[in-house]
1. Kindly indicate whether Asp83 is among the charged types (D, E, K, R), within 16 Å of the ligand (Cβ to nearest atom) and closer than 24 Å to Phe157 by Cβ.
2. When you look at Gly163, is it surrounded by fewer than 18 Cβ atoms within 10 Å (Cβ to Cβ), out of contact with any strand residue (DSSP E or B) (no Cβ under 9 Å at 6 or more places or on another chain) and among the small types (Gly, Ala, Ser), yes or no?
3. Any idea how many residues of segment 14-44 are buried (at least 22 other Cβ atoms within 10 Å of the Cβ) and within 12 Å of the ligand (Cβ to nearest atom)?
4. If Trp114 satisfies all but one of (1) in the same structural domain as Lys166 (by TED's automatic domain parsing); (2) touching a Pro at 6+ places or on another chain (Cβ under 6 Å), what's the number of the condition it fails?
5. Which condition does Gly116 not pass, out of (1) farther than 21 Å from Glu149 by Cβ; (2) within 16 Å of the ligand (Cβ to nearest atom), if it passes all the others?
6. Yes or no: Ala30 farther than 30 Å from Gly258 by Cβ and in contact (Cβ under 8 Å) with a residue 12 or more places away in the chain?
7. Applying the selection to segment 223-257, what residues are in a loop (DSSP other than H, G, I, E, B), free of Cβ contacts under 8 Å to residues at least 60 places away in the same chain and closer than 18 Å to Met10 by Cβ?
8. Answer with yes or no whether Ser125 is of a type in the set (Ser, Thr, Tyr), over 19 Å from Lys249 (Cα atoms), touching a residue at least 60 places away in the same chain (Cβ under 8 Å) and out of contact with any His (no Cβ under 7 Å at 6 or more places or on another chain).
Amino acid sequence: MIVFAGVHFMAETAKILNPTKKVVIPDFKAGCSLSDSCPPPLFQKFKEQHPDHVVVSYINCSAGIKALSDVIVTSSNARIIVDSFPEDQKIIFAPDKNLGAYINKVTGRDMLLWNGACMVHEIFSLEKITKLQQQHPNAKFIAHPECEEPVLKMADFVGSTTGLLKYTMENDATEFIVATETGILHQMEKASPTKKFIPAPPDNGCACNDCPHMKRNTLEKIYLCMKYELPDIIMDEELRLAAKKPIDKMLEISKAAGL
Ligand code: SF4
């Protein structure tokens, strides 16, 4: 049994890869605004309008979107996987328009972007970040590529969650302003206990930027889902196999690239 204390698409991905195991999730309502911004029936129509395009999808999407994709990417391997296609290959990138725009920029491609986004990464306040930078002039500002372009332009470093963590461990700076979901700050503090990590503030009344979906996971719910082995992810086998294909493709390209 796998207990996936995350959001629904993550538990679904675990089920796609582990069909013989029971995959339980502490709160079935733990969704994802990014995944929800790309409903499979609408995306299917969009795809049909562009039959000469291959579909590259960020792993933060539903099994239905994975099943409509040619290859899945993470924020760590997106650039290498997009680069593995011939330069003239037309590509649709889904569901995150910000990550897609960032990959377009670093690869020089012109991928067609699905208009989806993550609510957590879309509401960072440039004004508040600038103020924080003035208060902490030696702090490095680091951001996840799901953030909007103006935020990424200000960043000293842009990277995946793992990339950001590694950067904070290896960089000599002692203060970091971090623009991504705040859950990673705990790991950063554990890895570098003498350094200071400041969550980049959103454009609302809060001081930090929590994902309300991730935060549905509580110790009590984890205990209950382990005790009752519910709720579990049930997936149609045809959908599972179709969704697994682009994940296998990602693993194959990553392996060939030595990742
Ligand atoms: S932070 Fe939350 S809403 Fe955003 S992509 Fe992650 S799970 Fe989805």
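The values are calculated or read from the model by the stated rules, or taken from the named source; none is laboratory data. All values derive from a computational prediction rather than experimental measurement. Methodologically, a virtual Cβ is constructed for each residue, glycine included, from the backbone with ideal geometry; neighbour enumeration extends over all protein chains shown.
1. no
2. The answer is no for Gly163.
3. Qualifying residue count for the region: 5.
4. Checking Trp114 against (1) in the same structural domain as Lys166 (by TED's automatic domain parsing); (2) touching a Pro at 6+ places or on another chain (Cβ under 6 Å), the one that fails is (1).
5. All conditions pass for Gly116, except number (1).
6. Details: farther than 30 Å from Gly258 by Cβ: yes; in contact (Cβ under 8 Å) with a residue 12 or more places away in the chain: yes.
Considered against the rule, which asks whether it is farther than 30 Å from Gly258 by Cβ and in contact (Cβ under 8 Å) with a residue 12 or more places away in the chain, Ala30 comes out as yes.
7. Ile234
8. On the way: of a type in the set (Ser, Thr, Tyr): yes; over 19 Å from Lys249 (Cα atoms): yes; touching a residue at least 60 places away in the same chain (Cβ under 8 Å): yes; out of contact with any His (no Cβ under 7 Å at 6 or more places or on another chain): yes.
Yes: the conditions hold for Ser125.
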